[in-house]
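To start, the structure under review is shown below, and the notes come after it.
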């Protein structure tokens, strides 16, 4: 989730010393491992630069949303990861599918970085990582440069907060020297999704848009996720279609969400199903609004109303571990809307 960047008052010299020491140690180890054939340096190009991982990372840290799920899915427990601050219904900083995986691995919860006000660089440095995974993130160049003083950083490939779940796995697993295992994980998830989707033929080809955090007290404007957002991308994984109206609007921007006046609601007459966050009050407000109620999806009652602060609502943004956790429930809700 996008965060407001925060400058942390760090002492530059100690951080630089730590970064140089880590690089020196990694370089030496990398030569030994390369010589033994156990590790080949990995170079990853991304939106904020080029990162080379000289030696096999033993201590893995992750920042921003869901990056920790890749090493966990591959059996590697991070030394530190971002605390969940969305959908964490029990307030312990971890989401249920992460808790289940940690229990499966017999592992304690890693150090949790509080990113409420931005990345906690000191906390990340304290975990002494060999690599920092952030293939799905909103890192600024300044964030990236500061983290790079701690350890090699894998940032997003093109757009902030726009990395598809497959690429998140590809990039983060590559950084761990586990590209083959990452590819197997992708294949397994695709197979699982195909099997689950086959049980819900009523949603096949239905067009869907994701309204984002609509204010039930002010429906003069509506916001929606563009095709650059992973929530909207997930519809195609589920055999659904992108409405032409959303595709056209998305082609004009690289933003992950856009806002339109309610007076332009008729532009979305090609939407079969609406997914959004909210409660019954929101659905009632949409149905009673003189403009938005004319949208076919609203008029037909084809609205999937996800509880925004629950794990179910969070999992609509697909991540390596949440896909399996949410798949059946999400498909069931979409099928119910398709039949409305």
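Summary table below
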| read-out | value |
| --- | --- |
| Failed item in (1) surrounded by fewer than 21 Cβ atoms within 10 Å (Cβ to Cβ); (2) closer than 28 Å to residue 190 by Cα, with residue 294 passing the rest | (2) |
| Verdict on residue 76 being in a loop (DSSP other than H, G, I, E, B) and either at pLDDT 95 or above or on the phi > 0 side of the Ramachandran plot (or both) | yes |
| Positions within the stretch 313-340 being within 28 Å of residue 64 (Cα to Cα) and surrounded by fewer than 18 Cβ atoms within 10 Å (Cβ to Cβ), in sequence order | 324, 328, 329 |
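The values are calculated or read from the model by the stated rules, or taken from the named source; none is laboratory data. Keep in mind it's a predicted model, so treat the numbers as computed, not measured. We place every Cβ from the backbone using ideal geometry, glycine too, and count neighbours over all the protein chains shown.
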